Amino acid sequence: MPTGLAQAAVHKIASSALLPKSVFETSTYGRGTHAFSILARIMRDHRFNNFVGSFDSAQTKFGTVIQQLAAEWAVDGTNPKEVAKKVQELSFMNVMIYVVGGWRDGEGFHNADFTLWVISQ
Amino acid sequence: MGGTQEHLEAIWDQHVALERLAYHSPAAITEHTFYDHLGDEEYYQGYLYFFCDLLLKKPIHAVVEEWIFAPKANFDGQKPEMLNRLLAGILHPMLYLGYGLEFRYVTSIAWGIIITSTLASQPAWSCR
């Protein structure tokens with residue numbers, strides 16, 4: 001736990017685009033769009049096509065757009081039941097990204113990618 | 001996942017060749033100097049001890065709220081942007097923080113025991 005905080009302190013900022021000042025000033029209540037719907041919009045959005053680059057460069061290039069899309073997702077942090085429901089929604093979303101993303105036609109399912117992700121995240 | 005002892009030892013040898021030994025920061029980190037060395041890897045040990053001490057005095061959620069989410073930790077003053085730094089390094093700071101929040105002190109205690117018992121001749125950066 002202190003290692004995570006210390007690591008945060010000594011990492012340089014890649015980009016302020018994903019979490020700009022406005023995120024700290026606006027309400028946390030978006031329209032309540034489901035995470036799957038936001039993912040579907042990203043998949044259909046041509047701006048994200050054919051991107052090749054690092055996590056950092058993706059943040060710099062798409063941070064603002066992703067922030068706008070993610071802003072529609074909402075959670076009432078004071079409501080434990082809703083928080084639990086939203087955590088479940090995010091878990092399902094991550095399973096879709098990493099599990100479906102780990103499938104290759106003709107090769108099948110890449111166990112290592114999924115297991116590594118489950119353990120690390 | 002099917003790994004053998006030989007695999008694990010080969011991976012260990014590879015990492016030992018890449019990693020530096022732990023070392024002290026040039027100076028300690030305090031509340032007064034906290035914003036002066038952000039982004040500087042040389043001060044990792046300083047920030048680690050700073051947060052270890054804080055976590056011994058204050059509840060976890062209070063520390064995270066004050067030093068990661070509060071305006072003074074982000075866009076006030078020198079713009080430390082701690083939440084953005086949490087996502088840097090391909091999310092690794094957030095991963096470690098997440099483990100700490102999920103498992104409370106168990107992870108850091110266990111980590112300290114493991115490191116102390118396996119690397120007895122080198123400094124172990126766990127909480128004192």
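The values are calculated or read from the model by the stated rules, or taken from the named source; none is laboratory data. These numbers were taken from a predicted model, which means no experiment stands behind them. Virtual Cβ from ideal backbone geometry, glycine too; neighbours counted across all protein chains shown.
Just one residue in the set A:Gly53, A:Gly63 is within 21 Å of B:Ile90 (Cα to Cα) and surrounded by fewer than 17 Cβ atoms within 10 Å (Cβ to Cβ); that residue is A:Gly53.
Only residues that are at the interface with chain A (Cβ under 8 Å from one of its Cβ atoms), in a loop (DSSP other than H, G, I, E, B) and hydrophobic (A, V, I, L, M, F, W, C): list them for the range B:49-107, please. Within the range B:49-107, B:Phe75, B:Ala88, B:Ile90, B:Leu91 meet the criteria.
When the criteria are applied in full, A:Val99 meets the requirement of being touching a strand residue (DSSP E or B) at 6+ places or on another chain (Cβ under 8 Å), more than 23 Å from B:Ala73 (Cα to Cα) and outside any loop (DSSP other than H, G, I, E, B). Among the conditions (1) assigned to a helix (DSSP H, G or I); (2) more than 13 Å from the chain's Cα centre (by Cα), the only one that A:Ser15 does not satisfy is (1).
Taken residue by residue, the range A:18-29 has at least one member that is outside any helix (DSSP H, G or I), within 18 Å of the chain's Cα centre (by Cα) and within 30 Å of B:Ser25 (Cα to Cα). Within the set A:Phe62, A:Phe109, the sole residue that is touching a residue at least 12 places away in the same chain (Cβ under 8 Å) and either within 17 Å of A:Arg41 (Cα to Cα) or among the aromatic types (Phe, Trp, Tyr) (or both) turns out to be A:Phe62.
Residues in the range A:19-53 that are at pLDDT below 85 and at the interface with chain B (Cβ under 7 Å from one of its Cβ atoms): A:Phe24 alone. Can you confirm whether A:Lys81 is over 22 Å from B:Ala73 (Cβ atoms) and crowded, with 17+ Cβ neighbours inside 10 Å? When the stated conditions are applied, A:Lys81 does not pass them.
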